[in-house]
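Chemist: Following this message is one structure expressed as structure tokens.
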Amino acid sequence: MESTEYQEVRLLKDEQPDSSDSDTISENISIGKSTSPRKLLGIYLFVAYLINLLLVVLVLVLLLSPRNCRDPTIGTLYSPAQDVIEYEVVSFPESTQNKSKYQGDPTTGIPTDETDKLWSELYLFGMKSWVDEPTARKLPNRTLALPDDPDKYLVQLDVFHQLHCLDVLRSLLWPERYRHKPHTDYYLPNGERNYTSSAAKHYDHCLEYLRKSVMCHSDISVVYYGYTEGGHGPSPQELEPHTCRNFEKVQDWARERVVYDLNWPEDWPQGRPPESAYSVLDD
Ligand SMILES: *[C@@H]1O[C@H](CO)[C@@H](O)[C@H](O)[C@H]1NC(C)=O
Ligand SMILES: *[C@@H]1O[C@H](CO)[C@@H](O)[C@H](O)[C@H]1NC(C)=O
Ligand SMILES: *[C@@H]1O[C@H](CO)[C@@H](O)[C@H](O)[C@H]1NC(C)=O
């Protein structure tokens, strides 16, 4: 980016008609005599002017183009969804008194079937997406081809994994509602918890992963201090605006590429996919 700008500016300078060039031209013109030197110089200056104008427009387009300047994480590591990224300024509504539909029911405090459905609708379709072969070649890592469609490759955008982790941890807040969920060996029959169970390991992994993610994205939106009626003195207000990626655009990307059922071959040697099942990478 920097170097492009620099080059453009240099070009702009180089295009200025310098005095030696104009001298040569007027000499040639005076030999030809057919066109008036004034007229030729006028045309020359006009063309030079047009080229300058073009370059100025080019520099402006480069400077204002959001994909080039807004987010250095885009383009550093390729993501197949990088072209759908859009930014918007969002203030999160107050959510202690004014509960959103993703929180517990305002009366009972407990989530409902509707709450669970809304959470699932945030990310479930994004757990498995496909990309085509040219896209798979550009990824930072190799990935597996779909077993039934070797021209498509299986990926997941991390935001959906993170939301899944958050949803799993969410269920721990209300054991009376979620303890009977299938596949959990976390709760013992006597009501205690098994902290060495595989479910507990999963929960611990999710917490750690979200810690890393929050730090990785280091949201530097500024929380301001103020006074809340009925609160305990001045406190952080947490109503500040954030610069957000438009999540719906990312969801749309994944909705267009959902992978439903996967029938992995059962005859892989040692149960592991052969090299040929993986994408290759361009470098
Ligand atoms: C309450 O929350 C909803 C959804 O989270 C939001 O649309 C609304 O603006 C909030 N109202 C206030 C007064 O904060
Ligand atoms: C994935 O790609 C990154 C960057 O190219 C590399 O450092 C990492 O080792 C790769 N991981 C695997 C499992 O290949
Ligand atoms: C807790 O889970 C681990 C791993 O599955 C298991 O080995 C252990 O027996 C469980 N503990 C109890 C008290 O059931």
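Chemist: May I ask for the angle, rounded to the nearest 10°, between helix 113-123 and the longest principal axis of the chain, with both axes built from Cα atoms and the value confined to 0 to 90°?
Modeler: 40
Chemist: Also, quick follow-up: Over the stretch 104-231, what is the mean sequence separation of C-alpha contacts under 8 Å (at least six apart), divided by residue count, expressed as relative contact order in percent? Walk me through the intermediate numbers first.
Modeler: Values: 95 pairs, mean separation 21.8, N = 128.
Relative contact order comes out at 17 percent.
Chemist: Taking only Cα atoms, what is the 0 to 90° angle, nearest 10, from helix 158-171's long axis to the longest principal axis of the chain?
Modeler: Roughly 20 degrees between the two axes.
Chemist: Here's another thing I want to ask about it. Quick one: angle between helix 19-32 and the longest Cα principal axis of the chain, in degrees between 0 and 90, rounded to 10, please.
Modeler: Once rounded, the angle reads 50 degrees.
Chemist: In addition: When only Cα pairs under 8 Å and 6 or more residues apart are kept, what is the percent relative contact order across the stretch 124-195?
Modeler: 25
Chemist: Could you give the length gained by full extension between Leu77 and Asp158, i.e. 0.36 nm per residue of separation minus their alpha carbon distance, to one decimal place?
Modeler: 27.8 nm
Chemist: Find how much the distance from His232 to Leu281 grows on full extension, using 0.36 nm per residue of separation minus their present alpha carbon separation; answer in nm with one decimal.
Modeler: The span from His232 to Leu281 would gain 11.9 nm if fully extended.
Chemist: Which whole-number percent gives the relative contact order of the chain, counting Cα pairs below 8 Å spaced six or more residues apart? All intermediate terms of the calculation are to be shown ahead of the outcome.
Modeler: On the way: 272 pairs, mean separation 63.9, N = 283.
Computed over the chain, the figure is 23 percent.
Chemist: Once you've got the GNM for the chain with C-alpha springs shorter than 10 Å, pick whichever of Ser95, Ser36, Ser218 has the biggest mean-square fluctuation.
Modeler: Among Ser95, Ser36, Ser218, the largest GNM mean-square fluctuation belongs to Ser36.
Chemist: For the stretch 128-227, run through the chymotrypsin sites (Phe, Trp or Tyr not before Pro) and keep only the ones in DSSP coil with at most 10 other Cβ atoms within 10 Å of their Cβ.
Modeler: Qualifying residues, ordered by number: Tyr224.
Chemist: For the chain, with a Gaussian network of springs between Cα atoms less than 10 Å apart, report the residue from Ala81, Ala199, Ala48 with the top mean-square fluctuation.
Modeler: Most flexible of the set in this elastic network: Ala48.
Chemist: Taking 0.36 nm per intervening residue step and subtracting the Cα-Cα distance, what contour gain separates Asp132 from Ser100 on full extension?
Modeler: That pair, Asp132 and Ser100, stretches by 7.8 nm at full extension.
Chemist: Okay, moving on. Between Pro269, Pro134, Pro111, which gets the highest mean-square fluctuation from a Gaussian network model of the chain, Cα cutoff 10 Å?
Modeler: Pro269
Chemist: May I ask you to list the GluC sites (Glu not before Pro) in the stretch 173-264 that are in a DSSP loop and have at most 16 other Cβ atoms within 10 Å of their Cβ?
Modeler: Answer by residue number: Glu192, Glu229, Glu238, Glu256.
No lab work stands behind these numbers, since they all come straight from the coordinates. If you're wondering where the values come from, they're calculated on a predicted model, not measured in any experiment. Ideal geometry is used to build each Cβ from the backbone, glycine not excepted, and the neighbour counts take in all protein chains shown.
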